[in-house]
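Undergrad: Next up is a structure, given as structure tokens.
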Amino acid sequence: MALTATAGPELDLVEPITSPVPARSRQPVVLWIVAIAVAALLALPLVYVVVQATQTGWSEMVHLVFRRFTLGLLWNTVRLSAAVTVACAVIGTATAWLVEQTDLPGRRFWAVAVVLPVAIPDFVIGFGWVSVAPAVHGFLGAWLVMTLALYPLVYLPVAASFRGSDPGQQEVARSLGLSRPATFARVTLAQARPALLGGCVLVSLALLAEYGAFEILRYQTLTTEIFFESQRSYNIPVASSLSLILVVVSFAVLGGEAMVRGRGRITRTTRAIRGRRVHALGRATLPALAGLVTLVGLALGVPVGVVVYWLASGGSTTLPSSTSLTGAALTTAGYAAAAGLLATLLALPVALLAVRHPRRSTATLERGTFVVQAVPGLIIALALVFFSIRVLRPLYLSTPLLIIGYGIMFFPLALVAVRTSVAQAPLALEDVARSLGRRRLAVWWRVVLPLVGPGLAAAFCLVFLSTVTELTLTLVLVPTGVQTLATQFWAYTGNLSYAAAAPYAGLMIAIAVVPSYVLGRWFDRLPSRTGHSA
Amino acid sequence: MVRPAPLANGALGVTGLRITDLHKSFGDQAVLSGVDLEVPEGSLTAVLGPSGSGKTTLLRIVAGFERADRGNVELGGRVLENADRSLPPEQRGIGYVPQEGSLFPHLTVAANVAFGVRRSTLRAERRRFALRAERGGAGSHAGQLLEMVGLTGLGGRYPHQLSGGQQQRVALARALAIRPALVLLDEPFSSLDAGLRASVRSDVQDVLRAGGITAVLVTHDQDEALSVADQVAVIRDGAIGQHGTPQELYDHPVDPAMARFLGDANLIAATVDGDRVTTPFGPMGLRADARSRSCSGHAVALVRPEQLALSTTIGGAGMAATVVRTEFHGHDTVITVDPHSPGSLPVTIRAEGDLVVADGTEVEVTAEGSVVAWPATPE
């Protein structure tokens with residue numbers, strides 16, 4: 001008799017797993033409507049660029065674009081972008097490696113000190129250098145100042161990536177016969193590549209959008225010229241042709257990153273990371289320390305020192321009255337608070353959709369709204385001026401319009417923070433809370449808000465301090481006669497009244513640096529907050 | 001663990017939860033297609049199925065987090081869900097223990113447990129507690145629940161300060177605090193490691209039994225389902241494939257696939273004649289339910305590994321085979337043998353204790369007891 005183990009119909013008991021979390025069947029209709037309205041608002045600047053270009057006429061545009069002058073501006077902008085991005089990538093990565101992967105003395109201090117320049121407005125750093133060394137101008141001056149101002153944008157993501165890297169992988173690489181530098185290149189740096197790329201994109205975009213620092217350093221870029229043509233000589237066709245080029249270049253940067261990054265993803269197979277393991281610097285310790293001291297001295301010491309110098313040396317006659325200083329500070333704080341609130345509110349529906357209803361459609365919407373980061377503040381400002389004059393005349397040069405401008409400009413910043421915070425309150429918690437007999441509203445109040453609140457506050461602070469130091473969009477949109485810290489500083493430096501400008505710079509630094517430090521600490525602690533499933 | 005006095009529970013057999021003809025699809029993917037299930041009051045019923053079989057969706061519909069496309073859900077005679085209405089989760093009075101515990105990370109353990117308790121109830125308890133405290137009495141309801149799940153004194157901690165097993169116990173206490181008519185447990189032990197799983201499992205079982213609480217446990221682990229539950233419902237292709245006590249399911253599976261899903265199974269070609277089954281191991285009895293299936297002639301018989309025995313004395317009525325693998329588990333030993341008859345597949349035998357047989361030993365396999373059999377399908 002033959003034995004068979006399989007007999008009878010085999011039933012397929014194992015079905016393919018579609019997703020670990022069961023999909024929600026109901027579409028969040030209200031959320032979708034609000035999020036699409038937000039996306040429409042964010043799309044305004046792009047609509048403006050296209051409308052302007054069509055109004056000028058394409059043949060005229062082609063003529064304007066391919067002028068020698070325009071191409072010269074483009075060359076100025078692109079070569080500076082490339083040079084600064086490369087310098088920031090090198091300095092940011094090297095600093096991150098020193099702080100995160102070596103036994104550098106005082107690494108906790110350095111971790112804070114090397115980040116702080118990001119909180120000082122670029123035009124204040126520029127002002128600092130120009131008043132110390134008038135020789136700092138032109139291409140080299142712009143390169144030096146912008147590198148010092150922007151390298152933290154590379155340092156921050158790369159350091160975070162190094163911190164999260166698995167030391168076991170480096171050890172495995174060494175055991176497989178790779179030297180230390182080879183391990184760094186093929187394992188550590190290879191894993192930090194997305195972070196490095198992301199940082200470089202931020203640097204390029206910030207540089208393309210910068211106006212104030214270049215004006216001070218007398219370096220002409222697309223942005224400075226657009227500002228001049230639209231605000232001083234009112235040559236709208238030229239301004240719009242340049243705007244089109246600027247937007248195209250910005251989008252090329254964003255698209256280029258997406259292409260280079262590709263579809264590859266880095267996943268860690270093992271979850272637990274056993275302690276930080278560091279490389280001994282040995283004899284390289286002193287040079288490394290000297291390098292960091294120089295870096296922080298140039299990026300932080302020079303601007304802060306100059307402001308302090310002018311504050312100390314300025315007589316009572318040259319210093320502005322304390323009433324105008326307080327007035328400007330209060331106005332700035334009010335604007336910044338409103339901007340923080342608006343940007344956070346705009347980001348909330350998009351983040352809720354993307355985090356809680358992860359589908360292709362919501363991911364596309366979220367990615368679409370992120371594109372705003374490639375639109376320079378100046379273009380946003382010009383777009384709002386254009387639409388308010390044509391459609392909503394009473395809004396022209398009004399406070400609400402300025403706040404909307406900030407809201408659009410800092411939306412991506414708010415979205416990053418709001419997204420993390422929304423992820424702190426998974427839907428499962430709401431389900432449980434409701435099964436325990438609590439109504440939807442009570443659940444929001446008692447569960448969602450306490451969990452999401454800190455992150456929303458962080459988003460608010462992030463936008464708040466960015467608004468305090470914002471210059472370009474403010475100059476275009478600020479209501480007539482209103483003074484903010486940035487516009488006052490700008491007015492005084494324009495007259496070369498450095499002593500009078502210094503208090504405004506000092507206040508901006510004070511307002512921006514303290515929250516930056518607090519925020520840094522908050523983001524540092526973030527992973528421990530997700531410990532509820534540990 | 002302190003066992004509370006059993007609550008007054010209805011006699012077993014009274015229907016607690018009744019699900020009829022439940023349908024649900026996501027997009028064009030049907031997840032549930034006609035689920036019928038009755039859970040007797042006071043029983044612990046396990047819904048057993050592989051990942052993606054729709055068991056979690058079933059639980060979420062019962063809890064009220066999802067709406068069914070079609071079908072009814074009733075609890076204690078009250079309609080929770082039908083074509084016209086769906087009671088919101090907060091009005092169902094169903095305790096829910098999710099896979100990861102999902103404790104509120106911003107609240108202490110005590111606040112988590114008391115989360116669903118009405119404020120008026122809490123105030124009344126506090127008054128009573130104050131009175132009792134003077135007399136040296138016991139603590140509040142939340143305190144009692146924590147005591148019940150064995151976490152006395154941990155009320156002031158935060159969820160991240162607890163181990164995985166402790167978190168699951170708190171999640172259970174939190175669900176029980178609202179005195180639910182039904183508790184739903186969604187793979188509550190799967191995130192725990194093996195050693196912890198067994199102890200948390202039996203603790204949870206004790207708490208539920210002692211309270212006479214109607215509970216539905218969803219799991220993909222047949223061992224867990226069979227050992228913990230009073231009733232097991234196997235979900236398969238979006239419907240309940242078989243429902244019964246663990247013993248019934250194990251001994252009388254409806255088909256060979258079910259037999260294999262519920263445990264190690266030797267599916268053997270056999271010949272049925274009346275109530276006698278001729279197997280390679282010798283003659284065996286036919287179980288009653290198989291007889292009613294009018295199975296006769298060529299058949300497939302289910303012989304569980306523990307029904308088989310080994311002997312090194314060759315020449316009897318059993319099946320001659322060679323030992324190819326021995327797995328020692330401590331409490332038992334699982335031996336795989338290769339039968340000598342050509343074309344036959346390996347057979348698994350479970351023997352108690354530490355039977356030591358070297359690989360390659362010639363043995364004889366004999367069987368005991370009765371089997372279920374299904375008509376062999378023509379090849």
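Undergrad: Once amide H atoms are built 1.01 Å from N in the peptide plane, which residues 5 or more positions from B:ALA376, or in another chain, come under 5 Å H to H?
TA: B:ALA299, B:VAL300
Undergrad: Determine the residues within the stretch B:59-101 where the difference in accessible area between the chain on its own and the full set of protein chains amounts to at least 30 Å²; count protein heavy atoms only and use a 1.4 Å probe.
TA: Output list: B:ARG60, B:PHE65, B:GLU66, B:PRO89, B:GLU90, B:TYR96.
Undergrad: Ok, one more. Apply the a/c threshold of 1.5 to the C-alpha gyration tensor of the stretch A:290-375 and tell me whether it is rounded, prolate or oblate. Before the final figure, lay out the partial values.
TA: Values: a/c = 4.72, a/b = 1.85, b/c = 2.56.
Since a/c reaches 1.5 but b/c is at least a/b, the shape of the stretch A:290-375 is classed as oblate.
Undergrad: Could you give the nm distance between label points at B:SER311 and A:ALA160, where each point is 7 Å from its Cα heading toward the beta carbon?
TA: 7.2 nm
Undergrad: With a cut-off of at most 16 other beta carbons within 10 Å, and DSSP calling the residue loop, which GluC sites (Glu not before Pro) in the stretch B:333-370 qualify? Please list them. Kindly include the intermediate steps, with their values, before the conclusion.
TA: Values: sites: B:GLU352, B:GLU362, B:GLU364, B:GLU368; in loops: B:GLU368.
Sites meeting the loop and neighbour criteria: B:GLU368.
Undergrad: If ligands, DNA and RNA are left out, what is the accessible area of B:LEU37 with a 1.4 Å probe, given in Å² to the nearest 10?
TA: 10 Å²
Undergrad: For the stretch A:224-239, in order, what is each residue's ³J(HN,Hα) by Karplus, 6.51 cos²θ - 1.76 cosθ + 1.60 with θ = phi - 60°, in whole Hz (x at glycine and Pro)?
TA: In residue order, the calculated couplings are 4, 5, 4, 4, 4, 5, 7, 9, 10, 9, 6, 8, 5, x, 5, 4 Hz.
Undergrad: A further question on this structure: Looking at the stretch A:46-146, which trypsin sites (Lys or Arg not before Pro) are DSSP coil and have at most 15 other C-beta atoms within 10 Å of their C-beta? Numbers along the way, then the final one.
TA: Working: sites: A:ARG67, A:ARG68, A:ARG79, A:ARG107, A:ARG108; in loops: A:ARG67.
The qualifying sites are A:ARG67.
Undergrad: What quantity of accessible surface, computed with a 1.4 Å probe and excluding non-protein components, is buried in total between chains A and B, in Å² to the nearest 100? Kindly include the intermediate steps, with their values, before the conclusion.
TA: Working: alone 26550 and 18370 Å², together 40300 Å².
Chains A and B together bury roughly 4600 Å² of accessible area.
Undergrad: Expected output is a single nm value to one decimal: the length gained when fully extending between A:ARG446 and A:LEU71, i.e. 0.36 nm times separation in residues minus the C-alpha distance. What is it?
TA: Details: separation 375, 0.36 × 375 = 135.00 nm, distance 5.84 nm.
That works out to 129.2 nm of additional length.
Undergrad: With Rg and the Kirkwood Rh both taken from Cα atoms, where does Rg over Rh land for the protein assembly as shown? Before the final figure, lay out the partial values.
TA: Values: Rg = 35.8 Å, Rh = 33.0 Å.
Result: Rg/Rh = 1.08.
Undergrad: Let me ask something additional. Amide H of B:THR245 versus every other amide H placed in the peptide plane: which residues, excluding those fewer than 5 positions away on the same chain, fall under 5 Å?
TA: Counting only residues 5 or more places away or on other chains, the set is B:VAL232.
Undergrad: Further question on the same structure: In percent, how large is the relative contact order of chain B, given Cα pairs closer than 8 Å and 6 or more residues apart? List each step's numbers first, then the result.
TA: Working: 803 pairs, mean separation 61.8, N = 379.
Relative CO of chain B lands at 16 percent.
Undergrad: Of the beta bridges DSSP finds with both residues in chain B, what % are antiparallel, to the nearest 5? Let's see the in-between values first.
TA: Numbers: 62 of 81 bridges.
Rounded to the nearest five, the antiparallel share is 75 percent.
Undergrad: Then there is this: Rolling a 1.4 angstrom probe over the protein chains, ignoring ligands and nucleic acids, what is the accessible area of A:PHE251 in square angstrom, nearest 10?
TA: Accessible area, nearest 10 Å²: 60 Å².
Undergrad: Same structure, new question: Whole-Hz ³J(HN,Hα) for each residue in the stretch B:142-152, computed from phi via Karplus 6.51 cos²θ - 1.76 cosθ + 1.60 with θ = phi - 60°, x for glycine and proline: what do you get?
TA: 4, x, 4, 5, 5, 5, 4, 8, x, 10, 3
Undergrad: Return the sequence-ordered ³J(HN,Hα) values of the stretch A:39-45 in whole Hz as given by the Karplus equation 6.51 cos²θ - 1.76 cosθ + 1.60 applied to θ = phi - 60°, using x for Gly and Pro.
TA: The phi angles translate into 4, 5, 4, 5, 7, 3, x Hz.
Undergrad: Another question, if that's okay. If you take every DSSP beta bridge whose two residues both sit in the protein assembly as shown, what share of them, in percent to the nearest 5, is antiparallel? Each step should come with its number before you reach the end.
TA: Details: 62 of 82 bridges.
In the protein assembly as shown, approximately 75 percent of DSSP beta bridges are antiparallel ones.
Undergrad: Here's something else I'd like to know. Could I have the simple spin-label model distance between B:ASP206 and A:GLN55, label points 7 Å from Cα toward Cβ, reported in nm to one decimal?
TA: 7.9 nm
Undergrad: In addition: So, counting K/R as plus one and D/E as minus one, what does the shell of residues with Cβ under 13 Å around A:GLY282 add up to? Walk me through the numbers before you get to the answer.
TA: Working: positive: A:ARG180, A:ARG283; negative: A:ASP103.
Charge balance in the 13 Å sphere: +1.
Undergrad: Still on this structure, please answer the following. Give, as a single signed number, the net charge of other residues whose beta carbon lies under 15 Å from the beta carbon of A:VAL476, with Lys and Arg counted +1 and Asp and Glu -1. Let's see the in-between values first.
TA: Details: positive: A:ARG232; negative: A:GLU210, A:GLU215, A:GLU225, A:GLU229, A:GLU470.
Neighbour charge sum, excluding A:VAL476 itself: -4.
Undergrad: In nm, give the distance between the simple-model label positions of B:THR322 and B:SER25, each being 7 Å from the Cα along the Cα-to-Cβ direction.
TA: Result for the modelled spin labels: 5.3 nm.
Undergrad: Would you list B:ASP36, A:ASP431, B:ASP206 from the most to the least accessible area, probe 1.4 Å?
TA: On the way: B:ASP36 85, A:ASP431 15, B:ASP206 50 Å².
Accessible-area ranking of B:ASP36, A:ASP431, B:ASP206, largest first: B:ASP36, B:ASP206, A:ASP431.
Undergrad: Ordering A:VAL293, A:VAL418, A:VAL249 by how much accessible area each has at a 1.4 Å probe, largest first, what is the list? Mind showing how you got there, number by number?
TA: Values: A:VAL293 85, A:VAL418 0, A:VAL249 30 Å².
Highest to lowest solvent-accessible surface, that is A:VAL293, A:VAL249, A:VAL418.
Undergrad: Could I ask something else about it? Could you pull out every residue, at least 5 positions away or on a different chain, whose amide H is within less than 5 Å of the one on B:VAL31? Hs are placed 1.01 Å off N in the peptide plane, and Pro or chain starts have none.
TA: Sorted by chain and number, the residues that satisfy this are B:LYS24, B:SER25, B:PHE26.
Undergrad: Now for a separate question. For chain A, what does the relative contact order come out to in percent, with C-alpha contacts under 8 Å and a separation of six or more? Could the numbers behind the result be given before it?
TA: On the way: 629 pairs, mean separation 104.4, N = 534.
Across chain A, relative contact order equals 20 percent.
Undergrad: In the neighborhood of B:VAL62, defined by Cβ-to-Cβ distances under 10 Å, what is the net charge if each Lys or Arg adds +1 and each Asp or Glu adds -1?
TA: Net charge in that neighbourhood comes out at 0.
The values are calculated or read from the model by the stated rules, or taken from the named source; none is laboratory data. All values reported here derive from a predicted model rather than from experimental measurement. Glycine also receives a Cβ, built like all others from the backbone with ideal geometry; neighbour counts cover every protein chain displayed. Accessible surface areas use protein heavy atoms only, side chains included; no ligands, DNA or RNA. Shrake-Rupley method; radii C 1.70, N 1.55, O 1.52, S 1.80 Å.
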